[in-house]
Structures are given as structure tokens and as C-alpha cells.
1. For segment 125-157, enumerate the residues that are acidic (Asp, Glu) and assigned to a loop (DSSP other than H, G, I, E, B).
2. Give, as residue ranges, the helices (runs of 4 or more DSSP H) completely inside segment 277-353 that count at least 1 residues that are in contact with a Lys or Arg (Cβ under 7 Å, 6 or more places away or on another chain) and aliphatic (A, V, I, L, M).
3. Could you check segment 344-353 and list, in sequence order, the residues that are at pLDDT 95 or above and either surrounded by fewer than 18 Cβ atoms within 10 Å (Cβ to Cβ) or among the basic types (Lys, Arg) (or both)?
4. Select from segment 318-333 the residues that are buried (at least 19 other Cβ atoms within 10 Å of the Cβ) and free of Cβ contacts under 8 Å to residues at least 60 places away in the same chain and list them in ascending order.
5. Return a yes/no flag: does segment 296-307 have any residue that is at pLDDT below 95 and either touching a helix residue (DSSP H, G or I) at 6+ places or on another chain (Cβ under 8 Å) or not assigned by TED's automatic domain parsing to the domain that holds Asp88 (or both).
6. With respect to Val98, determine if the residue is free of Cβ contacts under 8 Å to residues at least 40 places away in the same chain, of a type in the set (A, V, I, L, M, F, W, C) and under 30 Å from Pro130 (Cα atoms).
7. Can you tell me which of (1) out of contact with any strand residue (DSSP E or B) (no Cβ under 9 Å at 6 or more places or on another chain); (2) of a type in the set (A, V, I, L, M, F, W, C); (3) touching a residue at least 40 places away in the same chain (Cβ under 8 Å) is the one Ala232 doesn't meet?
8. Please count how many residues of segment 319-339 are within 28 Å of Glu22 (Cα to Cα) and either in contact with a helix residue (DSSP H, G or I) (Cβ under 7 Å, 6 or more places away or on another chain) or at pLDDT 95 or above (or both).
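The values are calculated or read from the model by the stated rules, or taken from the named source; none is laboratory data. Just so it is clear, the structure is predicted and the values come from calculations on it, not from any experiment. Using ideal geometry, Cβ is built from the backbone for each residue, glycine included, and neighbour counts are taken over all protein chains shown.
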Amino acid sequence: MRIAIVGPTFPYKGGGAQHTTELAHRLAAQGHDVVIESWNRQYPGFLYPGQQTIDAPECTPYPKTLRKLDWRKPGGWVAAGRRLRKADLVILAVLSPVQVPAYLGILYGIAGEARTVALCHNVLPHERKPWDEPLMRALLKRVDGVLVHSGLQEEVALSLSGTPVKVAAMAPHLPSTNASRSSQIHRRLLFFGIVRPYKGLDLLLRALPDGVGLTVAGEFWGGLDETKALVAELGLGDRVELRPGYVPAEDVQGLFANADALVLPYRSATASQNVWLGHEHGVPVIATRVGALADHVTDGVDGLLVRPDDVGALRDAIERFYAPGEPERLRSGVKAVDPEPFWDSYVKVLLGL
């Protein structure tokens with residue numbers, strides 16, 4: 001089958017780019033003729049307040065990649081669609097409604113000549129703008145199928161259009177770390193990744209028990225001022241380390257090696273790689289029961305689960321984690337995920353659309 005994936009890949013960073021790249025490799029390994037149509041310029045800078053591209057790839061680049069799409073050049077969107085008319089399947093990787101105008105241009109160029117699927121990492125953003133729903137409604141009405149990563153996302157997609165929707169659990173797209181497992185207890189936790197309101201860093205800061213430190217590593221959307229003010233207000237300046245900015249791949253292992261657990265205090269979530277990322281590095285995960293996070297933590301075995309948006313419950317969980325012998329016991333239960341069954345199922349559902 002001739003398949004085109006339209007979405008970010010290296011030099012773009014992050015989970016979306018890694019997923020696009022791994023999906024291309026997986027489909028090609030099954031014998032399909034796969035190309036990635038990617039971006040030269042994906043977003044205006046003011047719409048993505050962080051570092052968009054990187055110098056070193058986070059995963060193995062996919063060789064058959066075109067990087068011609070440019071948010072400033074609508075004519076190029078239509079031209080890409082015309083290039084893709086000979087494909088049997090065109091997969092549009094949807095990470096944000098900001099992409100929709102370009103995707104509508106590509107669909108106009110395809111003109112119904114190829115089957116199209118919207119692969120929605122999030123159907124609607126966690127923090128929404130008035131134009132998000134109309135844009136996504138316009139996109140989902142114009143494709144032949146929609147792939148989402150959870151039952152809740154299926155409901156959202158179906159509320160926007162009558163296009164067929166399938167659910168496939170997000171598959172792991174993690175680099176192999178071969179991380180060594182430390183037996184040392186550091187009395188330090190880790191919050192890792194882009195800092196946005198829905199991820200609940202403020203809840204974790206308020207829940208942090210005495211004698212426990214925290215490293216926060218990642219890009220801060222909206223700046224550092226609010227977080228710094230809260231750290232100062234809570235008197236945590238000597239226990240909280242802020243490491244703002246993109247974390248290069250070579251620095252990730254060191255962050256996890258110096259943490260007893262990864263904490264994911266999300267208020268809401270769809271699918272996330274972060275539980276698997278923590279387990280890949282040999283550390284337990286303390287997470288809220290939202291989205292797919294709870295699906296990948298076995299409570300009391302390789303981490304702890306807690307109610308979302310509840311400072312008291314989160315503090316209790318951290319205190320239980322640090323009961324004598326608990327960090328060691330939970331760490332012994334951590335196992336790296338086997339990606340193969342997830343990817344086999346994921347590709348089967350995708351191609352079934």
C-alpha cells in the first residue's frame with residue numbers, strides 16, 4: 001500500500017514528531033511504501049512558546065521524508081495534496097487545531113482521490129480557544145476516518161462529525177535507554193516535560209511534604225514567573241530545582257537517575273508516554289487517575305495512583321511512597337514496556353480505517 005503521513009518529524013521535537021517517525025518505520029517494516037510529508041515551518045512562533053526544532057534527532061529519522069510544508073504558504077498545502085493523490089492512504093497527524101487550515105488545503109488538493117484519516121493525538125486541546133471546535137469540526141467532516149487514543153476522545157470526535165471513528169491505545173515510541181537502576185534513595189521527585197496548567201505542577205508544589213525535594217525539567221509555557229512566585233510563597237526555594245527549557249536526550253537519563261519517582265499530577269490527560277518513560281528509566285510513577293495514565297500504572301506495584309486535582313490526596317500518596325522500604329519495593333516492580341503488542345494492534349486498527 002502507498003501511504004503518506006503528514007505531520008512533524010525531525011528536526012521537530014517532542015512526542016508528536018517521535019510518533020510520526022516511529023509510525024512510518026512500523027508501516028514500512030510491514031512492506032508498505034511510506035513517505036512523510038513534513039514541515040519546513042510548522043507554526044508561527046507566537047503560537048508555540050517554546051523551542052520547535054532540535055539539532056540531534058530523538059529517534060532514528062525516517063529516510064523518505066519531504067519537508068516542504070510552510071504555514072506561510074497556502075499554495076504549498078494544495079500542491080502537497082496534489083502530490084498525494086496517488087497514495088492509497090493519507091494520514092494527517094493532528095496535534096493542534098492550528099494545523100487545520102493547512103490540512104484543509106491538503107485535502108482540497110487531494111480532491112477525494114486518496115483515502116484520508118485524521119490521526120488525532122487530541123481531538124480538542126486541554127486549554128481551548130473559541131476557534132478550536134469549529135476548526136476541528138471542519139477537518140473531521142472532510143476525512144474518511146478518524147483515529148483517537150481513548151474512549152473519551154472517541155466521544156469528542158463523534159460529537160463533532162459523523163465520520164467513522166476508531167480507538168487504538170497509544171503505542172510506545174521511546175528510545176531504548178539501557179538505564180542502570182540505582183538503589184540509592186534521593187528524597188527527590190521529578191516533574192518532567194512541557195509545563196502547562198493542565199499538568200498540575202502547582203498541585204504538586206502545594207503537596208510536596210517536608211524533607212522531599214523536586215526537580216522540574218521542561219519548557220514553561222507562559223514563562224517562569226508564576227511558578228517562581230508560588231515556590232517562594234510556599235517557602236520551597238531550597239528544595240525545588242527549576243530547569244527550564246528543552247531537555248536534550250543525553251541529559252534525560254541523569255534526571256531520572258537522581259529521582260526516586262516521576263510524578264504526573266495531571267488535571268486531565270488523553271494519552272501520554274510519560275509513564276512508560278519513567279518505567280523505561282527504572283523509576284516508579286505517581287500519577288493521577290486521568291486519561292490513559294492510570295492504564296499504565298499498576299497501583300501499589302510499580303507506582304501509586306491518586307485522585308486528580310486533590311492536593312491532600314497527592315501529599316498522602318507521596319508520604320506513602322516514602323514509608324520505610326516503599327521506594328525500594330515499588331522500584332523492584334518497575335518493568336520496561338514491550339512496544340511490539342501495542343504497535344501490532346495500533347497499525348491494525350489504523351489500516352482498518
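1. Listed by number, the residues that qualify are Glu127, Asp144.
2. 311-321, 339-352
3. Our first condition is that a residue be at pLDDT 95 or above; within segment 344-353, this holds for 344-351.
Selection gives Asp344, Ser345, Lys348, Val349, Leu351.
4. none
5. Yes.
6. no
7. The number of the failed condition is (3).
8. Keep residues of segment 319-339 that are within 28 Å of Glu22 (Cα to Cα), which gives 333-339.
So of that shortlist, the ones also either in contact with a helix residue (DSSP H, G or I) (Cβ under 7 Å, 6 or more places away or on another chain) or at pLDDT 95 or above (or both) come out as 333-337.
Here the count works out to 5.
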